[in-house]
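Asker: Sharing a structure, written as structure tokens. Questions coming.
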Amino acid sequence: MIDLHAHSTASDGTEPPEVVVAAAAQAGVDVLALTDHDTYAGWPAAVAAAQEVGVGLVRGVEVSCSHRGVSVHLLGYLVDPDAAGLLAELEHARDSRLTRVERMVERMAADGIPVSLEQVQALAGEGATLGRPHIADALVANGYVATRDEAFRDILRNGSRYYVAHYAPDPVRAVELVRQAGGVPVMAHPFANARGWTVGDDVVEAMADAGLAGLEAHHRDHRAAERAHAQALAARLGLFVTGSSDYHGSGKENRLGENTTTAEVLAMIEDQATSGIEVVRAGRS
Ligand code: AMP
Ligand code: FE
Ligand code: FE
Ligand code: ZN
């Protein structure tokens, strides 16, 4: 069972990397990718845990991108964490996420909604990539909503009066930077239109021209029609398809291993990576 998309407390998951890796072993996952938003901070703890519990680990990242205001998520597998170009974009996005959360919280507090930046930061923890889910956690802690999901249905949704965007690179540039970092770029949940606007096939085509390797067709936020569309587009553009859980611990309903990727596609990812960052194999260091 190969699950190539999961989050830890290094971004907006609710469990530390070592707990995510242990949970993957428990769930029968053979190879897991840790793909926190805009950070590699979870890698060391995940590598140690993978060796300990005997799960394969793909070190990855989910790069926040924006195409004319439409959010795009790009998975980068086996990237060199020292590659300067990608690192600079991730740092820029993380900095901007802090200002953005600050502005969202200010707008909410001005309307009497019980939330402060200090509390959001405390709940996110030192060094985590800040996001709307951490604002949701503060609203839950203060009894304003019951769950993250409830917060996202109204107050935190994309069109909300409290919504503020953050800096994010264009997806074509992000594809180039992942390749320059020796990694393998795969577009996450490309047509997950229930959560917000998604880009058209023309943008995916431009990303493919820039070196995109695959499309995450099998994802909870895709219905049968979106999966079929992603598979057909991948076939036309010569891309492979992946499937994954997008696990966020208790922050989302997604369960580890609920969608999976084939061993053939994982082999292609390993084959295309030129960073020297290898898949951590169970029982090998
Ligand atoms: P941000 O990157 O700060 O704009 O926040 C987007 C993140 O919120 C995504 O990475 C999702 O993991 C998370 N998210 C979106 N919708 C929901 C939801 N309904 N429940 C829980 N988390 C969500
Ligand atoms: Fe997330
Ligand atoms: Fe995503
Ligand atoms: Zn994700």
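The values are calculated or read from the model by the stated rules, or taken from the named source; none is laboratory data. Just so it is clear, the structure is predicted and the values come from calculations on it, not from any experiment. Here the Cβ is made from the backbone with ideal geometry for all residues, glycine too, and neighbour counts use every protein chain on show. The area values use the complete protein model at the heavy-atom level, side chains included, leaving out ligands, DNA and RNA. Shrake-Rupley method; radii C 1.70, N 1.55, O 1.52, S 1.80 Å.
Asker: Restricted to region 88-102, and to residues that are touching a residue at least 24 places away in the same chain (Cβ under 8 Å) and among the hydrophobic types (A, V, I, L, M, F, W, C), which residue is farthest from Ala168 (Cα to Cα)?
Answerer: By that ranking, first place goes to Val101.
Asker: Answer yes or no as to whether Val241 is out of contact with any helix residue (DSSP H, G or I) (no Cβ under 7 Å at 6 or more places or on another chain) and either open to solvent by 40 Å² or more (accessible area, probe 1.4 Å) or part of a strand (DSSP E or B) (or both). I'd like the intermediate steps shown before the answer.
Answerer: Numbers: out of contact with any helix residue (DSSP H, G or I) (no Cβ under 7 Å at 6 or more places or on another chain): no; either open to solvent by 40 Å² or more (accessible area, probe 1.4 Å) or part of a strand (DSSP E or B) (or both): yes.
No; evaluated as a whole, the condition is false for this residue.
Asker: Could you please find all residues in region 153-171 being among the aliphatic types (A, V, I, L, M) and surrounded by 19 or more Cβ atoms within 10 Å (Cβ to Cβ)?
Answerer: Ile155, Leu156, Ala168
Asker: Starting from region 106-133, take each residue that is under 18 Å from Ala10 (Cα atoms) and list its partners that are open to solvent by 30 Å² or more (accessible area, probe 1.4 Å) and of a type in the set (A, V, I, L, M, F, W, C), counting only C-beta distances under 7 angstrom and pairs at least six apart or across chains.
Answerer: Pairs that qualify, where the first residue is under 18 Å from Ala10 (Cα atoms) and the partner is open to solvent by 30 Å² or more (accessible area, probe 1.4 Å) and of a type in the set (A, V, I, L, M, F, W, C), are Leu123/Ala141; Gly127/Ala41; Leu130/Leu98.
Asker: OK, next. Are any residues in region 167-179 under 16 Å from Trp197 (Cα atoms) and within 15 Å of ligand 3 (Cβ to nearest atom), and if so, which ones?
Answerer: Once the filter is applied, which keeps residues that are under 16 Å from Trp197 (Cα atoms) and within 15 Å of ligand 3 (Cβ to nearest atom), region 167-179 yields Ala168, Pro171.
Asker: Moving on to the next point. Tell me yes or no: at least one residue of region 124-135 is at pLDDT 95 or above, among the polar types (S, T, N, Q) and farther than 27 Å from Glu278 by Cα.
Answerer: Within region 124-135 (the criterion being at pLDDT 95 or above, among the polar types (S, T, N, Q) and farther than 27 Å from Glu278 by Cα), the answer is no, since none of the residues qualifies.
Asker: Now, a different point. Considering only residues that are open to solvent by less than 10 Å² (accessible area, probe 1.4 Å) and not in a helix (DSSP H, G or I), look in region 11-28 and name the one that is farthest from Gly76 (Cα to Cα).
Answerer: Out of the qualifying residues, it is Gly13.
Asker: Restricting to region 133-180, give me the number of residues that are among the charged types (D, E, K, R) and more than 30 Å from Asp201 (Cβ to Cβ). Steps first, answer last, please.
Answerer: Initially, region 133-180 is screened for residues among the charged types (D, E, K, R), giving 137, 148-150, 153-154, 157, 161, 170, 173, 176, 179.
Still in the running and more than 30 Å from Asp201 (Cβ to Cβ): 137, 148, 150, 154, 161.
Matching residues across region 133-180 total 5.
Asker: I need every pair where a residue in region 56-85 that is under 22 Å from Trp197 (Cβ atoms) has its Cβ under 6 Å from the Cβ of a residue that is β-branched (Val, Ile, Thr) and buried (at least 23 other Cβ atoms within 10 Å of the Cβ), sequence separation at least 6 or different chains.
Answerer: Going by the 6 Å Cβ cut-off, the qualifying pairs are Glu62/Thr35; Cys65/Val72; Leu74/Val63; Leu75/Thr35; Leu75/Val186.
Asker: Any residue that is of a type in the set (A, V, I, L, M, F, W, C), within 16 Å of ligand 3 (Cβ to nearest atom), at pLDDT 95 or above and at negative phi - is there at least one of those in region 221-228?
Answerer: Within region 221-228, none of the residues are of a type in the set (A, V, I, L, M, F, W, C), within 16 Å of ligand 3 (Cβ to nearest atom), at pLDDT 95 or above and at negative phi.
Asker: Those residues that are in a loop (DSSP other than H, G, I, E, B) and within 16 Å of ligand 3 (Cβ to nearest atom), I need them from region 41-82; list them, please.
Answerer: If we filter region 41-82 for residues that are in a loop (DSSP other than H, G, I, E, B), which is where we start, we get 41-42, 54-55, 68-69, 78-82.
Listed by number, the list holds a single entry, Gly42.
Asker: Restricting to region 1-34, what's the tally of residues that are of a type in the set (Val, Ile, Thr), under 17 Å from Arg281 (Cα atoms) and touching a residue at least 40 places away in the same chain (Cβ under 8 Å)?
Answerer: Selection size over region 1-34: 4.
Asker: Within region 244-264, which residues are open to solvent by less than 70 Å² (accessible area, probe 1.4 Å), at pLDDT 95 or above, within 19 Å of the chain's Cα centre (by Cα) and not aromatic (Phe, Trp, Tyr)?
Answerer: If the condition is that a residue be open to solvent by less than 70 Å² (accessible area, probe 1.4 Å), at pLDDT 95 or above, within 19 Å of the chain's Cα centre (by Cα) and not aromatic (Phe, Trp, Tyr), then Ser244, Ser245, Asp246, His248, Gly249, Asn254, Leu256, Gly257, Glu258, Asn259, Thr260, Thr261 are the ones that fit.
Asker: Would it be correct to say that Ala141 is without any contact (Cβ under 8 Å) to a residue 40 or more places away in the chain, open to solvent by 10 Å² or more (accessible area, probe 1.4 Å) and closer than 16 Å to Thr9 by Cβ?
Answerer: yes
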